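Notes follow once the structure below has been shown.
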Amino acid sequence: MSAEPAAVAGAAEDVEGARPAPAAIRARPFLLALALTTGATLALEVLDTRLLSVLTWYSLAFLVIAMGLSGLTAGAIAVYLNPARWAPERLAGSLSREARRFAWAVPVSYVFLLIVPLRADPVLTTIALFLVFAAAIALPFFPAGAVVAAALSRSPFPVGRTYAVDLIGAALGAPLVPLGLQALGGGPAILAVGVVAALAAWGFAVSGGERVEARRSRRAALLLAGLVLVDLMLPGGLVPLWVKGRPELRAAIALERWNSHSRVILLHESRAGAVFWGKGSKCQAPVVRQRGAEIDGHAATPLYYADGGLESLRFLDCDVTNAVHRIRPAGAAAVIGVGGSRDVQAALLAGHRPVVGLEINGRMLELVQGPFGVGTGIEGSPHVALVHDEARSWLTRTRHRFQVIQMSLIDTWAATGAGAHALSENGLYTVEAWRVFLDRLEPGGVFTVSRWATVETSRLVALAVAALLDRGAAAPADHLALLAAGQVTTILVGRDPLSAADRAALDALATEKGFSVLFAPGVASTAERMRQIVAAQSRAELDAITLLPELDFRPPTDDRPFFFNVIRPAATWSPLPDVTRGTIEGNLLATKTLGLAALASATLTALAVFWPLARRGRARAGGRRPLAAALAYFGLIGVGFMLLEIALLQRLGLVLGHPSYSLIVVLATLVAATGLGSLVSDRLALERGRAGLVFPLVIAGAIVGLAVAWPALAASVSAAGLGGRIGFAVAITAPVGALLGLAFPAGMRLARAAGLSEETPWLWGLNGVGSVVASSAAIGLALAYGFTTVLAGAALCYVALVPAIVVLRSHVEAGR
């Protein structure tokens, strides 16, 4: 791969030359190199999250956050345990070497992740294999952590200024991820991170006049850039051997495209039996010319070619997902999730004019609207409008009204930047979202949703009842009908009560196609609990019916937007009722995998942090009380920051309406504003005086105020244009981020005043440990109690800083 393999180069470069580097370090190249390092680190974390969403199941997105932070923490501890290596006269050279190790570790880690066969049932794999996989993720973050910790704690520049550059560099890395994925694809974008890290190594070398290191870093950058070009030029490039636990058959793939929230592959054309989601028992599957498309190696959708005109696709009427067209065959229709366009084709066949297709994934629209979409019958149709937008956001803003809004099996299982269980489709399955959908129907209009026929159906019906109650429906049962065929159930939710004619039409359809009417106005369900759900007259009554000892079918809300998670946390490791067999097993697997990932994080954190710290602690005497206070302080700000970050990503993601916007706007603004707050902190002297005790309470108050005012704030901007919503997100995020930026540098100055200068890399590492803990705790809290509780937890973390500050100050005063 190069003339300087990572392991060999790492060993050789530990033998440092006898010539010391100049003591004076030039600020501009040093700070630029630090910004490049942190930008590359954040970009790699996001890119690895995207990669794991393809390679394995969405719950492992948490593992990237946890292992990335664990690697950063371990790197910081390495700086603490070997202070001589980071002495002022050797700092620039050591930083350059460590940044170069970061650069080479990126492709090594990437290749390893591509070849490890982590199966779809990771809880059954050996813990050893799982730990090895986790270690591969952490590998590049270890040298990155050493670079950042040494730059923050050992450089001659003010800590507020250095920390500000650290965060601003990370903020610049966030928006580059979507651009890199769109332009380069997944693999080359990850490899390009190595190039950026090598450039950072060159910058550190230049800052200290290290000519040999600068030459080596330039060579590494050129070699890594060549690796990116090779990956781009080779057919297919570096590709995964395993996807979702099975070998990937590359010969079947005609096209592969990436973006910030998916990898889309298109299969070669074939003539095969049509694929039905819920085929009626009296229907046959005709042979049709088609292509298959897959999102993240699992969510599949077909492109059907209408060789004999749209009428040749009349078999689509035999899918229960399209039952709504029998009772509402005309008028405007909106399809949520265009996919391969089958629902749009069905709507046109039924007679709907116009048909608006709403698709969040621009790569899917490229397939449908490009050369591969020619012959589907929708290209160039004056009756079809395909919109690249998040459906809920678009429907919130539009003035159009529809006779039918259709949402069939929308579940890509694509993780967002918020990590495990924070899926890109979560916002479509909440009471608030369904209220929007029902409000966009014309009088007599119907909203229809199809889901897999599992225990999940109870939550689907409960969600419909809750949305109707929220709109003031006196008898929700009069608005609902539930049909089933094959492995799919379809619910029809009327804006107004369904009529006797609707009931008769559904009965006739079921008889003709072989569907089952599970309940409808005048037809009660045979399942007792389903009858209770449909008959509920209040949200309190509905919640009481749907909250079971092992399962939680309560309607999801924007505060708890986890439609797909019906297992209560306390029941994760308990035997579940037989009725849960089916796709609920995947939900259980995801939850158990999250726990296993947390175990892996804890194990690696203990090995990389607590064991070496205990070893060094034996040689350390005195000062235990201030040290404990300092460790608590930095651990708490790590937890608090991560809790707030994940809550903001989730909540503002709903407002912005697209995962890319959430990543670019929210994460970049939060980190950049925190950096600016850090820069300002150098002038505030928060380590002394009354302000030092007040600022944590101000931060906590701002977080509580945000939690309390959120419903009104979000409602006020939900219908605004993109510019208005971005402005709102920045206005919310920037002030809070600036306040958060005060805490770290103030704590660093206070720790140094308390005689803990030697421990500052350790303190930075414990800040990372806090973030590791919070990355899983945030989702756990949200699953059980909601994101308002996550925000409350963040506020409590900052309140808890006050006792730690008091202890540290008392030690400083006692030493004077």
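Okay, here's what the table says:
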{"quantity": "Solvent exposure of region 163-256 as accessible area per residue, Å², 1.4 Å probe", "calculated": "43 Å²"}
{"quantity": "Two-site label geometry, Ala500 and Ala272: point separation in nm, points 7 Å out along Cα→Cβ", "calculated": "4.8 nm"}
{"quantity": "Backbone HN-Hα couplings from phi across region 751-760 [Karplus 6.51/-1.76/1.60, Hz, Gly and Pro as x]", "calculated": "5, 5, 5, 8, x, 10, 4, 5, 8, 4"}
{"quantity": "Karplus (6.51, -1.76, 1.60) ³J(HN,Hα), θ = phi - 60°, over region 68-85, in Hz, Gly and Pro reported as x", "calculated": "x, 5, 5, x, 4, 5, 4, x, 5, 5, 4, 5, 5, 7, 10, x, 4, 5"}
{"quantity": "Extension gain (nm, one decimal) between Arg529 and Ala254, 0.36 nm per residue minus Cα-Cα", "calculated": "94.3 nm"}
{"quantity": "Cβ-isolated cysteines (cut-off 4.7 Å), the chain", "calculated": "Cys797"}
{"quantity": "Percent antiparallel among DSSP beta bridges (both partners in the chain, rounded to 5)", "calculated": "70 percent"}
{"quantity": "From the coordinates shown, percent of Cα pairs over 51 Å apart corresponds to which of (1) 18; (2) 14; (3) 39", "calculated": "(1)"}
{"quantity": "Probe 1.4 Å, accessible area per residue of region 648-709, Å²", "calculated": "37 Å²"}
{"quantity": "For region 380-395, 3J(HN,Hα) per residue [Karplus equation, 6.51 cos²θ - 1.76 cosθ + 1.60, θ = phi - 60°, Hz, x = Gly/Pro]", "calculated": "x, 6, x, 9, 10, 10, 9, 10, 8, 6, 6, 4, 4, 4, 5, 5"}
{"quantity": "Accessible surface, region 432-565, averaged per residue in Å² (probe 1.4 Å)", "calculated": "34 Å²"}
{"quantity": "Residue-averaged [θ]222 nm for the chain, counting only DSSP H segments that reach four residues, each worth -39500 (n - 2.57)", "calculated": "-18000 deg cm²/dmol"}
{"quantity": "Helix 91-115 axis, angle to the chain major axis (alpha carbon atoms, nearest 10°)", "calculated": "30 degrees"}
{"quantity": "Fraction of accessible area attributable to carbon and sulfur, the chain (%, probe 1.4 Å)", "calculated": "64 percent"}
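The values are calculated or read from the model by the stated rules, or taken from the named source; none is laboratory data. Remember, it's a predicted structure, so these values are computed and weren't measured experimentally. Every residue, glycine as well, gets a Cβ built from its backbone with ideal geometry; the counts of neighbours run over all protein chains shown. Calculation scope for accessible area: heavy atoms of the full protein, side chains included, ligands and nucleic acids excluded. Shrake-Rupley method; radii C 1.70, N 1.55, O 1.52, S 1.80 Å.
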